[in-house]
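Remarks on the structure that follows.
The values are calculated or read from the model by the stated rules, or taken from the named source; none is laboratory data. Here the structure is a predicted model, which is why all the values come from computation and not from measurement. Because the Cβ atoms are built from the backbone with ideal geometry, glycine has one as well, and the counts that use them run over all protein chains shown.
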Amino acid sequence: MTVVKALTIAGSDSGGGAGIQADLKTFQELKAYGMSVLTAVTAQNTLGVQGVYPLTVSQVEEQLDSIGEDLKPDALKTGMLFSAEIIEAVAKKIQQYDMNNVVIDPVMIAKGGAKLLQDEAIDAMKKHLIPVATVVTPNIPEAEAITGLTLNSMDDRKEAAKRLYHLGAQNIIIKGGHGEEKEVIDLIYDGETFTQLINDRQITENTHGTGCTFAAAIAAELAKGADSLDAIRVAREFIQVAIEDDLHIGSGHGPTNHWAFQSRRAKV
Ligand SMILES: Nc1ncnc2c1ncn2[C@@H]1O[C@H](COP(=O)(O)OP(=O)(O)OP(=O)(O)O)[C@@H](O)[C@H]1O
Ligand SMILES: Cc1ncc(COP(=O)(O)O)c(N)n1
């Protein structure tokens, strides 16, 4: 049996809907062996974030050394990185251990408004992390923060994607969850071609961790050898059914259903 290994470098969400918990559940469902490097602990539930406790740079580096020296991942994704110092350390270790298939989810603010990345870290993200990205997955506000553009139209999103490409990412996907359209439009750019993935927008409160889950699914598919566009297409299907078959847990923004994708396949 060939085992593929996927790594998440992210924060912990005690509520289990986002962060490393969402990533590991997604890896498992997509049959990739999951590993994690923790960058921060959050006290969090469906109502919001009650506390944010970053780890030290050396604690993050030590975990990356443990992985790098023994368990080379076939793909990795980054999520909440919190500070410029952690971003720089992560980018350096990705290069030191020659890790490939790198999905960067530039997490900045939780759905409830809590800051998961310090403002001054955005420059480090642009300089150190986006250049090593196989795929970068900003939502609309994150794409605005990175490029300095205001994204009102699809043409604005295309311009932002081009700028992210010029920062060094190989593939860009500007996610449409925060868009105004009736449908959700995710815009993909590979330096030559724009592709739009258009899906039904679900009217639900239960979208906590959608970005984490989506990026983790892309990483799992890249780990299995898919090319970027095919990996994004599978991840899009994974997140669509995870939102459609939501679990109704907690009294705020609930998590998505990480086993919906496999449950539906089992029924076919
Ligand atoms: N209401 C919705 N219905 C269908 N798909 C959605 C909906 N909201 C988000 N998505 C999809 O989920 C994925 C993540 O998009 P989104 O824009 O929510 O990212 P995000 O804001 O980074 O997520 P989060 O911060 O919750 O982790 C995208 O593929 C997007 O199309
Ligand atoms: C540890 C961690 N990482 C990422 C998110 C973003 O997810 P959301 O925007 O759905 O709150 C989060 N809330 N917590």
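A few notes on this one:
- Filtered residue count, region 18-57, keeping only those that are in contact with a Phe, Trp or Tyr (Cβ under 6 Å, 6 or more places away or on another chain) and hydrophobic (A, V, I, L, M, F, W, C): 2
- Within region 163-180, the set of residues being out of contact with any helix residue (DSSP H, G or I) (no Cβ under 9 Å at 6 or more places or on another chain) and farther than 22 Å from residue 222 by Cβ comprises 166, 180.
- Among the residues of region 163-186, the one identified as part of a strand (DSSP E or B) and more than 23 Å from residue 207 (Cβ to Cβ) is 171.
- Residues being touching a Lys or Arg at 6+ places or on another chain (Cβ under 9 Å) and either under 21 Å from residue 112 (Cα atoms) or not hydrophobic (A, V, I, L, M, F, W, C) (or both) - total across region 217-236: 2
- Pairing each residue of region 35-58 that is touching a residue at least 12 places away in the same chain (Cβ under 8 Å) with any residue that is among the basic types (Lys, Arg), provided the two are 6+ apart or on different chains, yields C-beta distances under 7 Å for 35/5.
- Only listed residue being within 18 Å of the chain's Cα centre (by Cα) and within 13 Å of ligand 1 (Cβ to nearest atom), chosen from 40, 114: 114
- Within region 146-162, the set of residues being hydrophobic (A, V, I, L, M, F, W, C) and outside any loop (DSSP other than H, G, I, E, B) comprises 146, 154, 160, 161.
- Answer residue from region 241-266, given it is within 11 Å of ligand 1 (Cβ to nearest atom) and part of a helix (DSSP H, G or I) and is surrounded by the most Cβ atoms within 10 Å (Cβ to Cβ) among those: 242
- Extreme residue, farthest from residue 46 (Cα to Cα), among residues of region 172-205 that are more than 9 Å from ligand 1 (Cβ to nearest atom) and in contact with a Gly (Cβ under 8 Å, 6 or more places away or on another chain): 187
- Only one of the listed residues (162, 175) is within 16 Å of ligand 2 (Cβ to nearest atom) and not hydroxyl-bearing (Ser, Thr, Tyr). That residue is 175.
- Once region 126-145 is narrowed to residues that are part of a helix (DSSP H, G or I) and within 16 Å of ligand 2 (Cβ to nearest atom), the residue that is nearest to residue 93 (Cα to Cα) is 129.
- Within region 214-239, considering residues that are within 16 Å of ligand 2 (Cβ to nearest atom) and over 18 Å from residue 73 (Cβ atoms), the one surrounded by the fewest Cβ atoms within 10 Å (Cβ to Cβ): 238
- Residues that are modelled with pLDDT of 95 or more and more than 23 Å from residue 162 (Cβ to Cβ) occur in region 188-199; there is at least one.
- Candidates 109, 87, 94, 67, filtered to the one that is within 16 Å of the chain's Cα centre (by Cα) and more than 15 Å from ligand 1 (Cβ to nearest atom): 87
- Residues in region 113-129 that are surrounded by 21 or more Cβ atoms within 10 Å (Cβ to Cβ), touching a helix residue (DSSP H, G or I) at 6+ places or on another chain (Cβ under 8 Å) and within 18 Å of residue 12 (Cα to Cα): 117 only.
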